[in-house]
Amino acid sequence: MDIAQILINTLVRAAELSLLAIGLTMVFDILKFANFAHTDYAVLGALFAYVFNRILGLNLFLAIILAAFVTGWVGILIDQAIFKRLRKIGAKPVTLMITSMGTAIALRNLMRLIWTSHTKTYAIPLQKPFEILGARITPLQIGIIVVGLLSMISFHLLLHRTTFGKALRAISDNSDLANACAIDSEKMIKRMWFLASAYGVIGGSMIAMEHLLYPRLGFDVIIPVFCATILGGIGNPYGAMLGALTLAFAENLILALDLAPLINLGGLFDVGSIQISTGYKPAISFMILIIVLLFKPTGILRKK
Amino acid sequence: MPIINFIIYLLTMIGIYSLLAMSLNFQVGFTGLINFGQVAFFCIGAYTSSLLVVNAGVPVVVAFLAAMALSGIFGYIMSIPTKSLKSDYWAIATLASGEIVRLVALNEAWLTAGPFGVMGIPQILKDLIPKDAYPVFYLLFVIACIIMVYIFLSMLTNSPFGRNLKAIRDEEELCLSLGKDTQQLKLQAMIVAGTVGGLAGSLFAFYIQFISPENFKPIETFLMWAMIIVGGRGNFKGAIIGAVVIQLFNVSTRFLGNYVPLGSDSMAALRMMIIGVLIILFLLYRPEGLIKEKKKIYD
Amino acid sequence: MLTIKNLEKRFGSLKALDDVSVEVEDDCIVGLIGPNGSGKTTLFNVVSGFYEKDGGEIFFKGARIDGLPPNKIAKKGLCRTFQVSKAPEKMTVLENMLLAAEHQIGEDPFSALFMRSRVQKSEKTNLERALELLDMLQLSQLKNDYAGDLSGGQKKLLSLGRVFMLKPDMILLDEPTAGVNPTLRVQLMEAIRQLQKMERKAFFIIEHSMKVISSICDKVYVLNFGQKIAEGTPEEIQQNEQVLEAYLSGA
């Protein structure tokens, strides 16, 4: 596989993962716990989009936007019902994490109950790939990269041009200071959940569009998203984007690598082509995650 | 009589899972180690013992011991990152390791026969026990293991070692300031927990006589977590009760499926959803679980 | 016994400890005072191994201890308490005391399982000592209560008791009387004085109350903004102009 194809696959995957990672990193940073249900919110949204698109006949783009909006509210609701109560009784972050695990299981299986485990697809026309620099790319993939970029830019603008964004960055940098400045933390928390969930839905829908949509998708994607988040440093959305890019690149590169030259040791042995089996693709992000956690749990970018 | 056989099957499976629940409780409830990859011990134990007997003709006792040893070693490996990782990061890493173990079992077909799994695992002492009595024999064997493990783990937790573990769970910095090598203690805890998990895996493999990566998906870890959350952390009776409750629930809903107009996939989904909700409800309203941790009184 | 030379500790661009040198002799009670944020607890954290230093050297009983992890330093005989007393929620007062006991058999799985009788003997000895100490600290009636249920002052007493179970050569006490009612405070100080006489330990105490300092300390060091600004007897310190200024302006 040549470098151009690797780059294209990387960009597509990075676009998908980063939208999920920025929400996760926000929640992890501000509420101080790892929300294991984060990707399941995204899949819920993707399923809503599926309903709006396939059953209500909405244009796909509109369907996703509407779904993101609805799921934003779901994110707030779940927090009010579950996590907020734990915060109120002073539960440790670890307890919140375990509860989010329970939430993930409940949500995932609720989706499975409602929509069955069968895979779903959106109403997308059959894709004919283009050829760019010897690599193939479909209009859908171009769309994903573009939407990804636009979403990240909109997120950046939100962080820097709105009062909400500034308050968010203030809380992220120093929660004591933020409290002193009378930033209404309850309202902030609700808005944060809304955003995190909504952006996640866009990312989740993109993954569903490019591959398959099924209730268990959330679990299949949680580790790569954690990986991207931690790579970039908790609380740093730009780091999360970079982390997503790095991880996507690593995944595609490692799978494309032919280890034979390494083993052959320049003529000593004569082994045929050795590649890491694609069955290990999920394991790549797991391994990278473990390596990052071992060597630099604060991420490759320092927190701003 | 099919009903009797079914009850024996249920009790045996409850037994095997209670070993896993006790192992998890030892990590979570006593040492405060949040392990989301518990299924890895189950998997390594099952595969090691069965592969050794089926492929290498090793005597069953040796295979069991080897399985426990290997799981214990994996426990050691998992404990190494606790030095530099905070508990939530470590939890994520354990989730990843559990999956890596399963993926290795799935992909390294030369060793594990990949997706086809290990077949034809023989029954232990098949020739000595009459066929009809075998299920009861195995159940008694599992119960004997549970009793041994219960005593073994209780001795550990009632000792100064156990006291150190509880202290790590509640206030690790204090332990350090009192001169305890917390890293080594966690390591020892994980090795013990891994060994027990390996035993459970071996018992499982030799009971159902066929294992594949499908038996060791992450959902298993979460079932074990539900068991200790519902049953009660910080005590082994709770782990066993939790195993009883969750397994009973699990299995009984399989039967309800015959009377409720839901497909098997939907039944499974409903079942797991309720388990997820149970976890949430217990953590919200009764975090100590059904059986609370007992206070240690000195005279 | 404890010699700190030119200790430095930075947090980002903030110098929490700037060229601090301290000497605590055997058998002495030395005080450490200074306004809030002057670096007192930071000093304790670095010396006890919880923080890494950025410069300087620390010697204990002649050997260097900077860079060692906290548990190794504690095992060498230099122990500490915390400003906010740490009380394991689900462990009783007695369990806390036994946790800290100096020589225990059974702290690892092997001995816990196979040396049961020796474990029982060592537990019994440690239990006796624990009960003795609890008696002296007047905490005996709480011995089977959860440590998490104790009042702030009682937790402080428990911290003291725990540390004494370790039989250390030197104890760093971080605000041992903060939040403690006056009667208990007198008790605490008596306990410290008694133990120092009985077992000839050295104490290094962070305190805010000049009363406590002047009544039990042989020598006092004063920190402000991470720097040592004075050292001497309690009387000398109380007359020192720099010290007075620091407290008036800083606090």
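The values are calculated or read from the model by the stated rules, or taken from the named source; none is laboratory data. The structure presented is a predicted model; accordingly, all values stated were derived computationally and were not measured. We place every Cβ from the backbone using ideal geometry, glycine too, and count neighbours over all the protein chains shown.
When each of C:L32, C:L68, C:L7, C:L78 is tested for being within 14 Å of chain B (Cβ to nearest Cβ), under 18 Å from C:M170 (Cβ atoms) and buried (at least 23 other Cβ atoms within 10 Å of the Cβ), the lone residue that passes is C:L78. I need the full set of residues from segment B:123-150 which are within 22 Å of the chain's Cα centre (by Cα) and of a type outside the set (V, I, T), in order please. Once the filter is applied, which keeps residues that are within 22 Å of the chain's Cα centre (by Cα) and of a type outside the set (V, I, T), segment B:123-150 yields B:Q123, B:P135, B:F137, B:Y138, B:L139, B:L140, B:F141, B:A144, B:C145, B:M148, B:Y150. Hey, any hits in segment B:258-266 for a residue that's part of a helix (DSSP H, G or I) and either more than 12 Å from every other protein chain (Cβ to nearest Cβ) or surrounded by 17 or more Cβ atoms within 10 Å (Cβ to Cβ) (or both)? Yes, some residue in segment B:258-266 is part of a helix (DSSP H, G or I) and either more than 12 Å from every other protein chain (Cβ to nearest Cβ) or surrounded by 17 or more Cβ atoms within 10 Å (Cβ to Cβ) (or both).
Among the residues of segment B:115-139, how many are among the hydrophobic types (A, V, I, L, M, F, W, C) and surrounded by fewer than 13 Cβ atoms within 10 Å (Cβ to Cβ)? Counting residues in segment B:115-139 that are among the hydrophobic types (A, V, I, L, M, F, W, C) and surrounded by fewer than 13 Cβ atoms within 10 Å (Cβ to Cβ) gives 5. Applying the criterion of being within 13 Å of another protein chain (Cβ to nearest Cβ), assigned to a helix (DSSP H, G or I) and in contact (Cβ under 8 Å) with a residue 24 or more places away in the chain to the residues of segment C:132-158, the residue that is nearest to C:K61 (Cα to Cα) is C:L158. Looking across B:F255, B:F282, one residue alone is crowded, with 19+ Cβ neighbours inside 10 Å, over 27 Å from B:I124 (Cβ atoms), more than 8 Å from every other protein chain (Cβ to nearest Cβ) and without any contact (Cβ under 8 Å) to a residue 60 or more places away in the chain. It is B:F282.
Of the residues in segment B:196-212, at least one is of a type outside the set (D, E, K, R), within 14 Å of chain C (Cβ to nearest Cβ), surrounded by 24 or more Cβ atoms within 10 Å (Cβ to Cβ) and out of contact with any Pro (no Cβ under 7 Å at 6 or more places or on another chain).
The lone criterion from (1) within 14 Å of chain B (Cβ to nearest Cβ); (2) more than 16 Å from C:V222 (Cβ to Cβ) left unmet by C:T41 is number (2).
For C:S111, the criteria (1) facing chain B (nearest Cβ under 9 Å); (2) in a helix (DSSP H, G or I); (3) at pLDDT 90 or above hold in every case but one, which is (3). Among the candidates A:I171, A:I124, the residue that is surrounded by 12 or more Cβ atoms within 10 Å (Cβ to Cβ) and closer than 30 Å to A:N236 by Cβ is uniquely A:I171. Does C:S122 satisfy being closer than 20 Å to B:L178 by Cβ and of a type in the set (S, T, Y)? Judged against the criteria, C:S122 is a match. Taken as a whole, the structure places A:L247 among residues that are within 14 Å of chain B (Cβ to nearest Cβ) and at pLDDT 75 or above. None of C:I4, C:I33, C:I29 is free of Cβ contacts under 8 Å to residues at least 60 places away in the same chain and within 16 Å of C:Y221 (Cβ to Cβ) except C:I4.
For B:L85, the conditions (1) in a helix (DSSP H, G or I); (2) within 25 Å of B:F222 (Cα to Cα) are fulfilled apart from (1). Every condition in (1) within 14 Å of chain C (Cβ to nearest Cβ); (2) farther than 28 Å from A:I290 by Cβ holds for B:A144 except the one numbered (1).
Looking across segment B:219-234, the residues that are within 14 Å of B:L19 (Cβ to Cβ) and under 9 Å from the mean Cα position of the chain (by Cα) come down to B:E220, B:M224. Touching a residue at least 40 places away in the same chain (Cβ under 8 Å) and in a helix (DSSP H, G or I): does that describe B:L65? Taking the combined requirement at face value, the residue does not satisfy it. With respect to the conditions (1) out of contact with any helix residue (DSSP H, G or I) (no Cβ under 6 Å at 6 or more places or on another chain); (2) surrounded by fewer than 16 Cβ atoms within 10 Å (Cβ to Cβ); (3) more than 8 Å from every other protein chain (Cβ to nearest Cβ), B:K295 lacks only one, and its number is (3).
Okay, residues lined up against (1) in contact (Cβ under 8 Å) with a residue 12 or more places away in the chain; (2) over 22 Å from A:L47 (Cα atoms):
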{"site": "A:I132", "(1), (2)": "yes, yes"}
{"site": "A:I144", "(1), (2)": "yes, no"}
{"site": "A:L158", "(1), (2)": "yes, yes"}
{"site": "A:G165", "(1), (2)": "no, yes"}
{"site": "A:E186", "(1), (2)": "no, yes"}
{"site": "A:G204", "(1), (2)": "yes, no"}
{"site": "A:I207", "(1), (2)": "yes, no"}
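Look at A:F219 and say whether it is of a type outside the set (G, A, S), part of a helix (DSSP H, G or I), touching a residue at least 40 places away in the same chain (Cβ under 8 Å) and surrounded by fewer than 24 Cβ atoms within 10 Å (Cβ to Cβ). For A:F219, the condition - of a type outside the set (G, A, S), part of a helix (DSSP H, G or I), touching a residue at least 40 places away in the same chain (Cβ under 8 Å) and surrounded by fewer than 24 Cβ atoms within 10 Å (Cβ to Cβ) - is met. Has segment A:45-68 got any residue that is at negative phi, within 14 Å of chain B (Cβ to nearest Cβ), in a helix (DSSP H, G or I) and hydroxyl-bearing (S, T, Y)? Checking segment A:45-68: not a single residue is at negative phi, within 14 Å of chain B (Cβ to nearest Cβ), in a helix (DSSP H, G or I) and hydroxyl-bearing (S, T, Y).
Residues that are closer than 20 Å to A:Y41 by Cα, among the charged types (D, E, K, R) and more than 8 Å from chain B (Cβ to nearest Cβ) within segment A:109-130 comprise just one, A:K120. Within segment B:170-181, the set of residues being more than 7 Å from every other protein chain (Cβ to nearest Cβ) and surrounded by 23 or more Cβ atoms within 10 Å (Cβ to Cβ) comprises B:C175 only.
Per-residue answers, yes or no, for (1) farther than 30 Å from B:V58 by Cβ; (2) free of Cβ contacts under 8 Å to residues at least 24 places away in the same chain; (3) in a helix (DSSP H, G or I); (4) among the β-branched types (V, I, T):
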residue	(1), (2), (3), (4)
B:M148	no, yes, yes, no
B:I151	no, yes, yes, yes
B:G194	no, no, yes, no
B:Y207	no, no, yes, no
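Just the residues that are of a type in the set (D, E) and surrounded by fewer than 21 Cβ atoms within 10 Å (Cβ to Cβ), please, taken from segment C:83-135. C:E89, C:E102, C:D108, C:E123, C:E128, C:E132, C:D135, listed by residue number. Take C:E190 and decide whether it is of a type in the set (D, E, K, R) and closer than 23 Å to C:D19 by Cα. Taking the combined requirement at face value, the residue does not satisfy it.
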